Every structure is written in C-alpha cells, then in structure tokens.
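Novice: One structure, pasted below without further comment.
The values are calculated or read from the model by the stated rules, or taken from the named source; none is laboratory data. No experiment lies behind these values; they were computed from the predicted model shown. Cβ atoms come from the backbone with ideal geometry, glycine included; neighbour counts cover every protein chain shown. Quick note on the areas: whole protein, heavy atoms, side chains included, nothing else; ligands and nucleic acids left out. Shrake-Rupley method; radii C 1.70, N 1.55, O 1.52, S 1.80 Å.
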Amino acid sequence: GAGADNDLYINQAVVFIEDAIQYRSINHRVDSKSLWLYRWYYSRTCQWILSLTITLILALAFIEEPSSLTITSDVRYRLPAWNPPCGLTESTELLCYLVFMVDVSVKSYLIGWKEFWKNKWLMAYILTLIVSLTDWIVSLSFFCKESVRIRRILRPFFLLQNSSMMKKTLKSINSTLPEMASVVLLLAVHLSLFTMFAMLLFARTKDNQQDKEWVVYFRNLPDSLTSLLVLLTTANNPDVMIPAYSKNRAYSIFFILFTVLGNLFLMNLLTAIIYNQFRGYLLKSVQSSLFRRRLGIRAAFEVLSSLKETPVSAQQSCVSVEALLQVLQKAEMDSRCKQAIVRSLKMCSCDQLSAAQFQKLFEELDKDAIKQHPPSPEYQSHFMQKMQFAFGHPYFGYLGNVVALANIISICVFLVMDADKQPSERDDFFLGAINCFFILYYLLEMLLKILAVGLKRYLSYPSNRFDGLLTVILLMLEVSTFAVYGFPHPGWRPEFMGLLSLWDMVRLANMLIVFRFLRIIPNMKFMALVVTTLLDLVKNLRAFAGILVVVFYAFAITGIMLFKGAVVPLGNTRLPFSIKKVVVLYFKEKTRDSWCSAHFQTEVYCLLYVLCVRLICRWAKIYFVAWWLISSVIWVNLFVALLLENFIHKWDRRCQRESLSDIEYQRTVELMFRDVLEEPTEEELMEKLHQHPHLQLCR
C-alpha cells in the first residue's frame, strides 16, 4: 500500500543520507530487507567487531613462533620465549576467517552480482581468504612445523581493504609511481656513475697499508655500490671516507660531490615531485568523495519526492519539511549538524523544499566542526567577581608559565650539581622541598582556575585537562613519597623501600614536571600552529598511518621468514655447518684489524660482523634496499608532502581568520581541500542516479 511505499522511501532516504555523511557509495540494494542488513552491517557494533577481528589477526604475529613475548631482544640475555601449542593460534585464525567470510558475503550481496564483478577489491578479498585458508589447512597437516606461512604476509590486506580512505590513498600512490620512478632512475644513474668513479679512485695498489678504503668499502662492484648507497642514507658518514681522507685530503671532494648531488638535490627533488603529484591525485580522490556526498543527498531528495503526500500539481520535484524531519530523526549523524539543519528548517517559512534548498541544508556537513566552551559562572558577590577577574585573566596563566619555568631551571641546577655523585652521596632534601613547594602551587593554581571559570569550562580546554591531570598525578606521587619516606629533611637519603626507591620517585616527579612545561605551547602562536598541525595529522590522516602499518608488517613478517635464526648467542656451538666453515674467513680478514678495532670492542664482534657480511648480507641487501626505497624514499616523502599540505592550509586559514578564544575549529582531510573543490552539476548527478543498478527513479 501507499503507507508501505512511504516507509520504504523514508528508509531509503535515511540510508542515502548516512552514505553521504560517510562518503560511501550508494550503489547497493535498496529493498526493505537489504536496507535493514545494510544499516546493521555499518552499525557501530558490527564495525567494532570487524575492527577487533582485524586487530586480533594482526596481533597473532607477536605470539606465533618465533614469539616476541620476551623482555629483551638481545639473544645473549633473553630467556626462551613461550611458543603457543599447535592449534591455539590456528583456532583463533579460523575464527577471524569466519568473520571475514561473513563480511565479504554481506558486502557481495549488498552491492549485487553485476557490481561484484566490477569490484576488484572484493575479488581480491575472496582470493586472499582462499589462499589463507588453504595455507591454514597445510599448516595443520604439518602439525604447525612448516617454516613458511604465506597467510601471515597476506594479513595486512584485511586492514587495507576495510578502509575506503586507505584504498584511495593507495590508488593515489600507485598513480604517482611513474613520476617518482623517473627521479629514482636518475638517482640510480647517479649512484652507478659514482660507483665506477670510486672503483677507479680507490683501486688496489701494491702498498697494502694504503689500501684500507679498497679493502673495507670498494673491494668489488657489489661492495662499492652498497657503500655509496648507505652513504646516500648518511648511515656510514663519515666512516666511509676516513681511510681515503687519512691518505689524501683531496679525496674528500669525491664524497662531498656525491653527498651534495644525491642528498641535497636529487632527494629533495624527489620530495618536490611527490608533493606536487601526490597532492593532485589526493585532490582528485577528495573530489570524488565530495561527489559521493552530493550524490547521496540528491538520491535522498529524489526518493523523498516520490512520497504519496507530495503535491501532484507541483511543476518541479519537491520534498516536504515534515518528511525531512522524519528522516533526520532516524538518521545517525552528528548532533551538531542535525541541530543546525533542524534550526534552518524551523526558520524556513515554506512547507516544501526544492532540490537546491535541500542540498543547501546539508552543506552543514561540509563546515568545520566548531566547539564552543561553556560560559563562566556568574557570581553575585563583589569579592568573588574580583577573584574571578584576577584568576581568570590570561596574565594569571602567564604567571603559572613563569613558575613552571623556574621549576625547570631549579631541576636543571640540581641535576648538574649531582651529576657525578653516587646515590648514597646525594642529599635530596633541597630538591624534594622545592618540588613540594611547586606542586602545592600547581594545585592551588588549578583550584583557583576552577573557581574562576567553573569546572565545565576548565575541562573544556585540552591544555587545562593536560595540566590538571599531571597536577593530580604529581600530588598523588608526592603524597606516596611522604607516606613511605616521610617529609624532606637534611640528609634525606632513606634506604630502598616499596616498589620504587626515593631517587626513582624523585626522578619520576621531575620527569612529570618537565613534561608539564608543555603547557606553554597554547600561549605561543607559532608553536601552537605546528602542534595542532601534527595533531590533525594523527587524527585525520589515519589512512596513511594504516598503510605504513601494512608496509611495516609485511616487511617484518618477510624478514622473520628470511632471517630466522641468523643471529645466535655468543658461544653457541650448535651453529649450522655453513656458518662454521666461514669462521676460516675471519683469519683472512687481518687487513681489517685496524678498522675492526675502531668499530668493535672485541675480535668476537668483528668475527660476527664478517660472518654477517659474508653469509647473510649478500642477499639481504635486496631486502633492505627494497625496505629503504619503500619506507624511507617513498613513504617518508609522502608524509612530508602531506605535512606541508596540512601546514600550508592551516597557515592560510590562520591568516584569514581572527583568533577566537572560545571557539575551536576541527578539520578533516576532505575539508583541507574544500576551498578548491568543484561542485558537481545537476546533469552529472542525475546521470549518475539513472545509472544506479537497484534504484528506479520516477523521472
């Protein structure tokens, strides 16, 4: 009946609005059962379960063999790690795979069969599950004794496919690779040319004492190439040039030219290209997100205009205000945006909304999130008003910063005076008394600020929460110190009691006091700008951090499989035969003795270095060079580009906007580029809506 159709249209509009808020695609089934399943799938509970499952399957690597559950990573001192019995982690894996199978099944059903074949990510998702389950079965058939587990390398894919922003970022990186490849090729040419020059300059001569550069760094082509590649990262600077420089100062010209051309020009040119290209591709990605939002809102308008209560005589499509209020009541969206839209509807005198009016209402989603601080309490007493004025004034905060600086200076003075003293020779009376005085001042300052501005307003500022939390912790630590060791007095050096010694408790208090000094950041505009830029990167650019986790995880698992057992404790007699026979090479490396004595404390460590170079590092170079290219050359430059972009946008907005003490603006990645994005046209939106595989429009 008409009522059932109206309910369906309302539910469709609710889902389309939620899709627009989350920048999701609207190309999914829109019948009643599918809409219920769709909203259930994207509910907080289901998404939380899926995120927990992904975290769990990634965390298995820490307890699987070889286990990371040891206090120290030094093979000489660590105890044997606990390795779970066969079937424990495998059963957890199976549970995670079952959740992923439900996830991919629901996704595939909701988008439909035709859209499924167009979605490469879903097909890759299914393929990854098939390979992982096959490897899981093989692992159980070998009773968990197999050395290679392919499914462990595939686990980061589950994190990658679960984030639409990570997919867009990966697509942007993939599109940027051709431009980056040209600079990397130029870098390879630079490296190759200087490698040949180095082999000609530092060729072997008759005097073995003068051939230290050749022996250590430029013996052959692979060693020469590796030495200069490491120099490009500055990891072996200046070690690589010391033997040649000792022989002739003029050799330094070669290394200076290599460093200037490689590090100062080519590496920074790579950063500039990545910044320019990646910003363009990220802008396109954000532009598509804006199109999705506008499309979702327009789809909601179209289905609401199909309601039976809409006037038939209307010359153009329109939506009743009452229908929109029903949708807003059901939709899950930010309360700030919902309240703003409702206020706009109440201020509107018309009962019907056109497409342009409907779209303009939801532009509230594109605005910065504004956080207004609660008002200060209004005191009737004249004395309390003066107190409120005095302790709520910015100068009172400046006084607290001066006191905190004086506390830092006093700690530095005592640290310098007691640097060379033994713990038994220290007199902690003065430092303990000074800390007690400053902590009492911090407590008094916090209470007076709460009295002046009220508790709610005080807690609404992040700097106050940071300050107050550290003050409470310092007070608890000071009370614990007095309870265990008594009040400070001359010769205050009691013996160790409780979990921490007196010196440990004093050091902990001093570290917290030093950390508390960061409260000055909000009072320094330029420093606050830098800090807020970094915080925005942490909050809003999680997709890039996610891809970084994927890269680190994949390389870590690959490294475990490649180099497991390569490092053994000293004195271990159960070495593989291939390693034992290489010990003989050590005695052929006597020309390295001077170099070894400069870099290793004993000949044993020099022997281990030789073993590493001769056995492991030949093929390990490929692994570590790939790691350096992806993590350092490409990814770090991408992060620098995004940091610059975020900082430039914040700087521009700071110049345009006056400082508002009671308002805080919060930005998202999409809002970073809001000023340069283009609005989609009416024709583009309607053309896309008519291509919807499951939605039939009336016009």
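Novice: Is it true that some residue in the stretch 154-170 is open to solvent by 70 Å² or more (accessible area, probe 1.4 Å) and either in a helix (DSSP H, G or I) or touching a residue at least 24 places away in the same chain (Cβ under 8 Å) (or both)? Show your work before the answer.
Specialist: At the first step, the residues of the stretch 154-170 found to be open to solvent by 70 Å² or more (accessible area, probe 1.4 Å) are none.
No, every residue in the stretch 154-170 fails to be open to solvent by 70 Å² or more (accessible area, probe 1.4 Å) and either in a helix (DSSP H, G or I) or touching a residue at least 24 places away in the same chain (Cβ under 8 Å) (or both).
Novice: Which condition number in (1) closer than 27 Å to Q277 by Cβ; (2) outside any helix (DSSP H, G or I) is the one that S175 fails?
Specialist: Here S175 meets the rest and fails (2).
Novice: Determine, yes or no, whether T226 is open to solvent by 20 Å² or more (accessible area, probe 1.4 Å), within 39 Å of the chain's Cα centre (by Cα) and modelled with pLDDT of 85 or more. Please lay out each step first, then the result.
Specialist: Details: open to solvent by 20 Å² or more (accessible area, probe 1.4 Å): yes; within 39 Å of the chain's Cα centre (by Cα): yes; modelled with pLDDT of 85 or more: yes.
Yes; evaluated as a whole, the condition is true for this residue.
Novice: Which condition does A300 not pass, out of (1) under 21 Å from N6 (Cα atoms); (2) part of a loop (DSSP other than H, G, I, E, B); (3) out of contact with any Lys or Arg (no Cβ under 9 Å at 6 or more places or on another chain); (4) open to solvent by less than 50 Å² (accessible area, probe 1.4 Å), if it passes all the others?
Specialist: (2)
Novice: Give M196, M180, M166 a once-over and let me know the one that is among the hydrophobic types (A, V, I, L, M, F, W, C) and modelled with pLDDT of 90 or more. Before you say what the answer is, go through the steps one by one.
Specialist: On the way: M180 fails: modelled with pLDDT of 90 or more; M166 fails: modelled with pLDDT of 90 or more.
On inspection, the qualifying residue turns out to be M196.
Novice: Output the number of the condition that V138 fails; it satisfies all remaining conditions of (1) farther than 26 Å from V551 by Cβ; (2) in a helix (DSSP H, G or I); (3) touching a residue at least 12 places away in the same chain (Cβ under 8 Å).
Specialist: With (1) farther than 26 Å from V551 by Cβ; (2) in a helix (DSSP H, G or I); (3) touching a residue at least 12 places away in the same chain (Cβ under 8 Å) applied to V138, the lone miss is (3).
Novice: Kindly list the number of the only condition in (1) buried (at least 16 other Cβ atoms within 10 Å of the Cβ); (2) modelled with pLDDT of 90 or more; (3) assigned to a helix (DSSP H, G or I) that fails for R29.
Specialist: Of (1) buried (at least 16 other Cβ atoms within 10 Å of the Cβ); (2) modelled with pLDDT of 90 or more; (3) assigned to a helix (DSSP H, G or I), only one is false for R29: (3).
Novice: What pairs can you find where one residue is in the stretch 78-91 and hydrophobic (A, V, I, L, M, F, W, C), the other is open to solvent by 80 Å² or more (accessible area, probe 1.4 Å), and their Cβ atoms are less than 7 Å apart, with a gap of 6+ or different chains?
Specialist: Hits for this filter: A81/L69; W82/L69; C86/F143.
Novice: Does Y251 satisfy the condition of being out of contact with any strand residue (DSSP E or B) (no Cβ under 6 Å at 6 or more places or on another chain), hydroxyl-bearing (S, T, Y), open to solvent by less than 80 Å² (accessible area, probe 1.4 Å) and not assigned by the TED database to the domain that holds L629? Quick ask: steps written out before the conclusion?
Specialist: Numbers: out of contact with any strand residue (DSSP E or B) (no Cβ under 6 Å at 6 or more places or on another chain): yes; hydroxyl-bearing (S, T, Y): yes; open to solvent by less than 80 Å² (accessible area, probe 1.4 Å): yes; not assigned by the TED database to the domain that holds L629: yes.
In short, yes.
Novice: Pick from E332, E378: which is touching a helix residue (DSSP H, G or I) at 6+ places or on another chain (Cβ under 7 Å) and either open to solvent by less than 50 Å² (accessible area, probe 1.4 Å) or not in a helix (DSSP H, G or I) (or both)? Explain how you work it out, then say what you get.
Specialist: Numbers: E378 fails: touching a helix residue (DSSP H, G or I) at 6+ places or on another chain (Cβ under 7 Å).
It is E332.
Novice: Kindly state which helices (runs of 4 or more DSSP H) lie completely within the stretch 180-287 and contain at least 2 residues that are under 14 Å from V633 (Cα atoms). Break it down into steps so the answer makes sense when it comes.
Specialist: Details: elements: 212-216, 221-232, 242-247, 252-259.
Because the criterion is at least 2 residues that are under 14 Å from V633 (Cα atoms), the helices (runs of 4 or more DSSP H) in the stretch 180-287 that meet it are 221-232.
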